[in-house]
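Take a look at the structure set out below.
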Amino acid sequence: MIRARAILGTNFSASRKCDNSLNSFKSPSPVNPELASIILRGSPYDWYALPFVLAGGIAAGVSFYWRFFIQWLRGKRGGKWPTTSAVVDIVSVSEEYGSGGETIGYLCTLTYFYRNPELQSGEYCRSFPTDDKADAEAWAASYKGTSVPIHVDPRDPTRSILRKEDL
């Protein structure tokens, strides 16, 4: 041990304690020690923002997928409703835009008409990824003028559902 001290040319004392405080941090770089501490350990404000960031992400996801959730829920509930025949008369493909204005996909809408006893209508929506515009248009066009089975609410004949399983 003495030999190692002599080689290094330093004089260590046994009573010297390790000082881990922020003030003893001497950096050769121009980074402020307080800034380095925040970068390495994070700020307490980061943890307070986490619930708000998560809530915002969940709200954005729910608002984007809401119509598909409602469609799925009606499909589950309407599966036991009586069926009738409907004709898909209007098909459309529209672009869906993200918050930055970029195209994030294509929304296909099938609008069908049925009589129960008066003329009624309903819609079925399906989303396609950004690079599948041709597939979206082909899918929508394949249903134009076709007859599809739909489920009609016996308590309210204006409510109907076209289920994915019935396409």
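The values are calculated or read from the model by the stated rules, or taken from the named source; none is laboratory data. These numbers were taken from a predicted model, which means no experiment stands behind them. Every residue, glycine as well, gets a Cβ built from its backbone with ideal geometry; the counts of neighbours run over all protein chains shown.
In the stretch 116-167, how many are part of a loop (DSSP other than H, G, I, E, B), among the acidic types (D, E) and surrounded by 13 or more Cβ atoms within 10 Å (Cβ to Cβ)?
Residues of the stretch 116-167 that are part of a loop (DSSP other than H, G, I, E, B), as a first pass: 116-118, 129-132, 144-146, 153-159, 162-163, 167.
With the extra rule that they be among the acidic types (D, E), the set shrinks to 118, 131-132, 153, 156.
Filter again for surrounded by 13 or more Cβ atoms within 10 Å (Cβ to Cβ), leaving 132, 153.
Adding up the residues that qualify gives 2.
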Hey, W72 within 30 Å of G56 (Cβ to Cβ) and either of a type in the set (A, V, I, L, M, F, W, C) or in contact with a helix residue (DSSP H, G or I) (Cβ under 8 Å, 6 or more places away or on another chain) (or both) or not: yes
For the stretch 96-114, which residues satisfy the criterion of being surrounded by 13 or more Cβ atoms within 10 Å (Cβ to Cβ) and of a type outside the set (S, T, N, Q)? E96, I104, G105, Y106, L107, C108, L110, Y112, F113, Y114
Of the numbered conditions (1) over 24 Å from the mean Cα position of the chain (by Cα); (2) modelled with pLDDT of 90 or more, G79 fails exactly one; give the number of that condition. (2)
